[in-house]
Amino acid sequence: MDGLILEMSALSIIPYMSHPGSVPLSLISMQETFAPAVMMRPVAMSLLPRSLPHVPRSSRAMSGVRLQVVPGRCLYDAPLRLQVRGLSPGQDVSLHTALSDEGGQLFSSVGRYRADSSGELDVSRSPALEGGSYTGVEPEGPLWSLEPRTPLRRLLKKDVRSPYQLRFSLHPHPPGAPLASAAQDRSFMGEGVTRVPVRDGRVRGSLFLPPGEGPFPAIIDLYGTGGGLMEHRASLLANHGYFTMALAYFDYDDLPNNLGGLHLDYFREALELVRSHPKVNAESIGVIGISKGADLALSMATFLPGIKAAVSISGCCANTFAPLPCGNFELPCLGFSAEKVKFTEAGELDFSESMDDLMDPANHGALIPVERSPAAFLILSGSDDKNWPSATYTEQLVARLREHQKDVEFQCYPGAGHLLEPPYFPLCKVSHHKLLGVPMLWGGQTKAHSKAQEDAWKKIQTFFFKHLKGKDTVKSHL
């Protein structure tokens, strides 16, 4: 890996390492340690436009050229359908795509195309040429190749009640005035889906209810060490007929502001809240988590009764970073070695080789005993994960589950990074980590990662349908 390993003394690690043999170094101390360590750097993106003009939601034509995006409003995980008519046969054009996030920051991409002999192009069939953000026949290329104008920016959706608007403009090549433009709204909550904030006892989060009376199968959704409340995946799952809970567990509302306050009873309370809801089928409850949320999902499926299916995305098969009290016992945590933490020349934190060795008998106490769980498991990871070796953790977890004849499916995606999101979210290779206060490497190769997200989303839908809605109707669902 290209990068520079900094002297750890420069990062003030020494005070934390002065007591060898003590509890594993935790994210709580890491947050205080690394926050001042790095400076952000600008990223040159000369290919992409500085801005795109605002266009109305319906497409409009200029100079006889028509750019059509169908439909004008859809769910974020829906495929992109974009066609152009009225060009000259063989004309070279550039398709510019832009999206502004909730902070007003621009994400953009460029695709270069050549019209066919009829003066038309269809993004689902026409190959993108060299010189743009993507090449080849890539129907969703304009979406997954979006890159942030501001360095270290990750595309997220905090307010899922409003859509993201994609803006498209078609330009001649070499560059000139726009030939046509159009827009499309991509929503997270479909028609009839309702959002209910949760502030019940200690539990904080949001419920997403599908239209209809139910009862519905339910899914509890957990994100990672960034903290706060992440709703975009839970809201999208609700459109597929699931009662979902986006569950916050630290750094949100009145919850603890670090991982040191975790307790299994909090997740038990959340599960009971979901189970007792009148629109929930209490016999069909699943859980999904990514990163730290993945090992919490595994712990829930292992120690809490009533979970039928669990999905781990880019996770570890041990409890990580902070001990997890579980009533009459405590699950220790897998720590990391500060001397193995690296920084690239650009000041980006490379954590990929820092976790303590799970095969070391001294760390076996942190392993989550998933073999005791009656749940079915789906384990997803990427080979280019720079956060930690989730591909290795997948192998270890699957081996243990199979050794005990447990129901497990898995997939490790070549070239995929850590942040495996729902489809068409652009790859985030590095972003500012809220908890640590530094830029964090996540890994991933753009095209391979995007294909992994599409396939993983299909696998997640099929898995939950099979285990929460019944095997007999899987075929009709697909």
For the range 84-111, the count of residues that are surrounded by fewer than 19 Cβ atoms within 10 Å (Cβ to Cβ), at negative phi, in a loop (DSSP other than H, G, I, E, B) and of a type outside the set (S, T, N, Q) equals 4
Could you count how many residues in the range 142-189 are touching a residue at least 40 places away in the same chain (Cβ under 8 Å), hydroxyl-bearing (Ser, Thr, Tyr), in contact with a Ser or Thr (Cβ under 9 Å, 6 or more places away or on another chain) and in a loop (DSSP other than H, G, I, E, B)?
-> 1
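Going by the conditions given, is ASP384 touching a residue at least 60 places away in the same chain (Cβ under 8 Å), touching a Gly at 6+ places or on another chain (Cβ under 7 Å), charged (D, E, K, R) and open to solvent by 10 Å² or more (accessible area, probe 1.4 Å)?
Details: touching a residue at least 60 places away in the same chain (Cβ under 8 Å): yes; touching a Gly at 6+ places or on another chain (Cβ under 7 Å): yes; charged (D, E, K, R): yes; open to solvent by 10 Å² or more (accessible area, probe 1.4 Å): yes.
It is true that ASP384 is touching a residue at least 60 places away in the same chain (Cβ under 8 Å), touching a Gly at 6+ places or on another chain (Cβ under 7 Å), charged (D, E, K, R) and open to solvent by 10 Å² or more (accessible area, probe 1.4 Å).
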Tell me, yes or no, whether the range 440-447 has at least one residue that is farther than 29 Å from SER108 by Cβ, open to solvent by 10 Å² or more (accessible area, probe 1.4 Å) and touching a residue at least 12 places away in the same chain (Cβ under 8 Å).
-> no
Being outside any strand (DSSP E or B) and under 23 Å from the mean Cα position of the chain (by Cα) is the filter; apply it to the range 190-208 and report the residue that is nearest to LEU67 (Cα to Cα).
-> GLY190
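Which ones in the range 179-192 are buried (at least 19 other Cβ atoms within 10 Å of the Cβ) and either in contact with a strand residue (DSSP E or B) (Cβ under 6 Å, 6 or more places away or on another chain) or small (Gly, Ala, Ser) (or both)?
Filtering the range 179-192 for residues buried (at least 19 other Cβ atoms within 10 Å of the Cβ) gives 179-184, 186-189.
Correct list: LEU179, ALA180, SER181, ALA182, ALA183, GLN184, ARG186, SER187.
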Among ALA416, ALA399, ALA366, ALA362, which is the only one that is crowded, with 19+ Cβ neighbours inside 10 Å and more than 25 Å from GLN453 (Cβ to Cβ)?
-> ALA366
Flagged pairs (Cβ under 7 angstrom, 6 or more apart or on separate chains; first in the range 112-128, outside any loop (DSSP other than H, G, I, E, B); second at pLDDT below 95) are ARG112/HIS173
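Please determine whether any residue of the range 338-350 is of a type outside the set (S, T, N, Q), assigned to a helix (DSSP H, G or I), under 26 Å from GLN453 (Cα atoms) and in contact (Cβ under 8 Å) with a residue 60 or more places away in the chain. Please lay out each step first, then the result.
As a first pass, look at the range 338-350 and keep what is of a type outside the set (S, T, N, Q): 338-343, 345-350.
Remaining after also requiring assigned to a helix (DSSP H, G or I): 338-340.
Subsequent filtering for residues that are under 26 Å from GLN453 (Cα atoms) retains none.
No; the residues of the range 338-350 include none that is of a type outside the set (S, T, N, Q), assigned to a helix (DSSP H, G or I), under 26 Å from GLN453 (Cα atoms) and in contact (Cβ under 8 Å) with a residue 60 or more places away in the chain.
The values are calculated or read from the model by the stated rules, or taken from the named source; none is laboratory data. Remember, it's a predicted structure, so these values are computed and weren't measured experimentally. FYI the Cβ positions are ideal-geometry reconstructions off the backbone, even for glycines, and counts take in every protein chain you see. Only protein heavy atoms, including side chains, enter the accessible area calculation; ligands, DNA and RNA are left aside. Shrake-Rupley method; radii C 1.70, N 1.55, O 1.52, S 1.80 Å.
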